[in-house]
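Undergrad: Structure in structure tokens, see below.
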Amino acid sequence: MKRYCLLLLLLLSVLPLAARNETCLVLNAGWRFRHDRVGEWRAATVPGTVHTDLMAHGLIPDPFYRDNERLVQWVDKVNWEYSLSFEPGDSLLAHDHQELTFAGIDTYATIFLNDEKIGETCNMFRSWTFDVKGRLRTGENRLLVRLHSPTARGQEEMERYGLPLPASNDYSLAGGMGDARVSVYTRKAPYHYGWDWGPRLVTSGIWRPVTLAGWDGARIDDLFIRQPEVSARRARLEAEITWQVDEAGPLVIEVARGNEVLARRSVEAIRGENRVALPFALKHPRLWWSNGLGEPFMYEFTARVKRDGKVIASRRVSTGIRSLRLVRERDAAGESFYFELNGVPLFAKGGNVIPGDSFLPRVTRERHERLVRDAALAGMNMLRVWGGGVYEDDAFYEACDRLGIMVWQDFMFACAMYPGDAAFLDNVRQEVVDNVKRLRNHPCIALWCGNNEVDVAWARWGWQGGYASGERERVFKDYVALAHELLPRLVDSLAGGVGYWPSSPMSGDAVGAHETRPGTSGDNHYWGVWHESRPFEEFEENVGRFMSEYGFQSFPELLTVGSYALPGEDYDIESDVMKAHQRSAIGNRQVRHYMERDYVVPGDFEQFLYMSQVLQAKATRAAFHAHRRNMPYCMGSLVWQLNDCWPVASWSTIDYYHRWKAAHYAARDACKPVIVSPRKMNDGVELWVVNDLQHGFPATCRVELKDFAGRTLGTREMRCSVKANASGRVAAWSREELLDGADARETFAVITLLRDGELLDEQHLYFTAMKEARLPADPRVTVEGVEREGRHYLRVAADALALDVLFYLPGEELHLSDNYIDLVPGQSREIEIIRPTGDFDASRVRVRHVAM
């Protein structure tokens, strides 16, 4: 797999490591698989899944295509075997310690080495290491992994617990499980069991790399750079080092940056595990900053264990030096909820991330990096890793570190209640230890959150009515033991000062501090728009202290729809195939309902897809603007959702194939550091300027009233003082005053914000719903190709107003630096062609706009 190409290049064979006391063999190649104990052995891919291996051999159809998902529901009901023959080599066999590590097994497995059982696994989120000293042979060895049906085991766990637990998004009926929602009893990605944007594909497999390591003498197991105190003048740090040594005696432990030793200590080591904390300081450190505030600088530190002056073990980590905390302080309105980075309060702009594929090993390093880069390009500075998926691969967090994207990290619990017995909690405890330790050196980690929507679901979704009082107390007691006791205790001891929030959303961190809406404290998930059919204007009336979820659905573009649907019979929103890729029970109805409010609903299938994206972009822009206008009361806006796990109608702003929807362009427009933001009210318009920069400046606001032919009907201009890291109202007019007698159905305003003549932002204000506007049916859009210094552009213009203009290539990929734009008559725009690269024939470009 591409994700591991660097590792494989470094470890093509048995390779001695830095201190030459360790050897590692990557066991990813040469695996075979079959139905448990029967059938033909076939080539398998590791890391991989049973489903993808079956697809590779043509044994099941692609479940993403048409409605094939229903044809593969048998796969999770049976057991599977994976087998590997390998030779460890003499150098590895010579080591005193020999360990076999599975970085991830999905989920229940029994593992045999040379026909001897060496262990079992029961948690997809954990890594598993087995001592195999004395079990390896010279020459050929055989490794067998017997994967047990996750749904059968889940059923057993449910019966052992003795009580069915609510799990609204477990699509048990679609999986042939009746009412047995078994997902919550298994430590496995919840979304695999279905969601209102994802298929039910309950996978099994060896989903992360397998390694065989041998070592002698000493090994550093963990290096954590704790950051007790950080400022621009001085960083007081502490290197926490955990190592193992075979021989007791005097050692020297040191931490260095490059050739500079930062701290050193002589210790009397005991045989086995040892720990030491080495304090040190950096003067005038280069700080790690989020996207938009500065450089996300990364340091590299090395810990070394020495005996008699010789290095016998070493370990290197990268981290960023920063102070990052969640600030919750009482104020006149309630309690604040914002992130402070290096002493600077910042507005969190971003989105919620779900896993990038139903089959996780297909998410390569390149795909992780592309997703995070797309967020950064949109001006985002925070992503929330949602609790119904997985703790993402290292590549995701490395990209966030490098691009200055903070991460709100959920633990993997979502929209369900969970067991709280000793065995379950002990399994979760080790899961948390594994993942917090793995991720805690990443400067991007801003918050650990206990779960997604469990608290609010228990309070408001009607679950309690299904239980007798004693059962109800048991279920909630188990939840408290998990979210309010175990998880915060582990975060406090392991995470190095990163904060903990019990559930999203909540109004406080105490048991029973359920979400209030709109919140005067805590965070909010606002779904009045969409689920409750509220108009987009109500985003303004429902602003909490931190908006961690909200969103609106759209269909993907036709090129993506064509990957799963057949032209003709499937190209109908209500066709069986389109409904199979629309998992929200109210989805199609809601899209049409909102479209009818503001637009003429098109009868053409492709135009309907396009118009759904126009709607979603409008909702996304409205929400971001409402939240940002209300800073510092509101200090966060995370749209649901950034991405998809398969091609589908969903709330994503980027589809499964990484194609930007109109909403992602709208998010980029709304997340610029400085925006001018008009707010329409019943009787008038307010004009706001929002500035995320750490300095203020004088600026000019200009409002040009134009008709749809581009004629200027009037101009207003005003000077304003833009304050640092603040939002402020700069003007207000009545509707009549602003229109000044012009027909609202034929008039719009171009609002610009300039600093020293430089355009900082431009917004357009329309006075009526588009279905009432007299838009030209043919605005005569022109497209011309331009090449300059080896880069290719489209020069575009229109003779009359054209709204939300989409430029596309029928049946082909076309990614532009801007799209879904309003073309004002009399102005031309140049848009860079990002993909495809090279020579480009602009005459093949086609357009869509709202009035078609």
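Undergrad: May I ask you to say which residue of Val267, Val230, Val255, Val261 is in contact with an Asp or Glu (Cβ under 9 Å, 6 or more places away or on another chain) and of a type in the set (A, V, I, L, M, F, W, C)?
TA: Val261
Undergrad: Where the second residue is open to solvent by 40 Å² or more (accessible area, probe 1.4 Å) and assigned to a helix (DSSP H, G or I) and the first is in contact (Cβ under 8 Å) with a residue 24 or more places away in the chain and lies in the range 421-439, which pairs have Cβ atoms under 8 Å and are six or more apart or on separate chains?
TA: Arg438/Asp394
Undergrad: While we're looking at this one, here's another question. Only one residue in Val252, Val261 is free of Cβ contacts under 8 Å to residues at least 24 places away in the same chain and either over 22 Å from Pro228 (Cα atoms) or open to solvent by 20 Å² or more (accessible area, probe 1.4 Å) (or both), so which one is that?
TA: Val261
Undergrad: Would you pick out the residues in the range 680-733 that are in contact with a strand residue (DSSP E or B) (Cβ under 7 Å, 6 or more places away or on another chain) and of a type in the set (S, T, N, Q)?
TA: Asn691, Gln694, Thr700, Thr712, Thr715, Ser721, Asn725, Ser727
Undergrad: So which pairs qualify, if the first residue must be in the range 160-176 and among the charged types (D, E, K, R) and modelled with pLDDT of 95 or more, the second must be in a loop (DSSP other than H, G, I, E, B) and open to solvent by 60 Å² or more (accessible area, probe 1.4 Å), the Cβ gap must be under 9 Å, and the two must be at least 6 apart or on different chains?
TA: Asp170/Arg181
Undergrad: Another question, if that's okay. Tell me, please, whether a residue that is farther than 21 Å from Lys672 by Cα and aromatic (Phe, Trp, Tyr) can be found in the range 614-628. Even if it seems obvious, please write down each step before you answer.
TA: Within the range 614-628, the subset farther than 21 Å from Lys672 by Cα is none.
No: zero hits.
Undergrad: Sort through Thr653, Thr712 and tell me the only one that's of a type in the set (S, T, N, Q) and either buried (at least 23 other Cβ atoms within 10 Å of the Cβ) or closer than 30 Å to Ser358 by Cβ (or both).
TA: Thr653
Undergrad: Output the number of the condition that Thr319 fails; it satisfies all remaining conditions of (1) open to solvent by less than 10 Å² (accessible area, probe 1.4 Å); (2) without any contact (Cβ under 8 Å) to a residue 40 or more places away in the chain; (3) polar (S, T, N, Q).
TA: If we test Thr319 against (1) open to solvent by less than 10 Å² (accessible area, probe 1.4 Å); (2) without any contact (Cβ under 8 Å) to a residue 40 or more places away in the chain; (3) polar (S, T, N, Q), just (2) comes out false.
Undergrad: Sort out which residues of the range 279-312 are of a type in the set (Ser, Thr, Tyr) and either assigned to a strand (DSSP E or B) or free of Cβ contacts under 8 Å to residues at least 40 places away in the same chain (or both), and write them in order of number.
TA: Tyr299, Thr302
Undergrad: If you don't mind, there's one more thing I want to ask. Please count how many residues of the range 104-126 are of a type in the set (Gly, Ala, Ser) and surrounded by fewer than 19 Cβ atoms within 10 Å (Cβ to Cβ).
TA: Looking only at that region, the number is 1.
Undergrad: May I pose another question? Among Phe546, Phe555, Phe536, which is open to solvent by less than 10 Å² (accessible area, probe 1.4 Å) and either closer than 21 Å to Ala662 by Cα or of a type in the set (D, E, K, R) (or both)?
TA: Phe555
Undergrad: Give the residues of the range 78-103 that are open to solvent by less than 10 Å² (accessible area, probe 1.4 Å), out of contact with any His (no Cβ under 9 Å at 6 or more places or on another chain) and assigned to a strand (DSSP E or B), sorted by residue number.
TA: Within the range 78-103, Tyr82, Ser83, Leu84, Gln98, Leu100, Phe102 meet the criteria.
Undergrad: Here's another thing I want to ask about it. Does any residue in the range 467-478 that is free of Cβ contacts under 8 Å to residues at least 24 places away in the same chain come within less than 8 Å, Cβ to Cβ, of a residue that is open to solvent by 50 Å² or more (accessible area, probe 1.4 Å) six or more places away or on a different chain, and which pairs are these?
TA: Arg472/Gln464
Undergrad: Exactly one of these conditions fails for Thr211: (1) open to solvent by 10 Å² or more (accessible area, probe 1.4 Å); (2) in contact (Cβ under 8 Å) with a residue 40 or more places away in the chain; (3) part of a loop (DSSP other than H, G, I, E, B). Give me its number.
TA: (3)
Undergrad: Can I ask one more? Every residue in the range 488-519 that is over 29 Å from Gln227 (Cα atoms) and of a type in the set (A, V, I, L, M), please.
TA: Hits for the range 488-519 are Val511, Ala513.
Undergrad: Let me ask you something else. Does Arg146 satisfy the criteria of being farther than 30 Å from Arg460 by Cβ and not in a helix (DSSP H, G or I)? Let's see the steps before the verdict.
TA: Values: farther than 30 Å from Arg460 by Cβ: yes; not in a helix (DSSP H, G or I): yes.
Taking the combined requirement at face value, the residue satisfies it.
Condition check ((1) part of a strand (DSSP E or B); (2) more than 23 Å from Asp434 (Cβ to Cβ); (3) open to solvent by less than 10 Å² (accessible area, probe 1.4 Å); (4) modelled with pLDDT of 95 or more) across all residues:
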residue	(1), (2), (3), (4)
Ala332	no, yes, no, yes
Gly351	yes, yes, yes, yes
Ala375	no, yes, yes, yes
Met380	no, yes, yes, yes
Leu383	yes, no, yes, yes
Gly388	no, no, yes, yes
Glu398	no, no, no, yes
Arg402	no, yes, no, yes
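Undergrad: In addition: Test Ala619 against the criterion of being under 21 Å from Glu541 (Cα atoms) and either in a loop (DSSP other than H, G, I, E, B) or among the aliphatic types (A, V, I, L, M) (or both), and give yes or no.
TA: Taking the combined requirement at face value, the residue satisfies it.
The values are calculated or read from the model by the stated rules, or taken from the named source; none is laboratory data. From a predicted model like this one, the values you see are computed outputs, not experimental measurements. Don't worry about glycine lacking a Cβ; one is built from the backbone with ideal geometry, like all the others, and counts go over all protein chains shown. These accessible areas exclude ligands, DNA and RNA; they are computed on the full protein's heavy atoms, side chains included. Shrake-Rupley method; radii C 1.70, N 1.55, O 1.52, S 1.80 Å.
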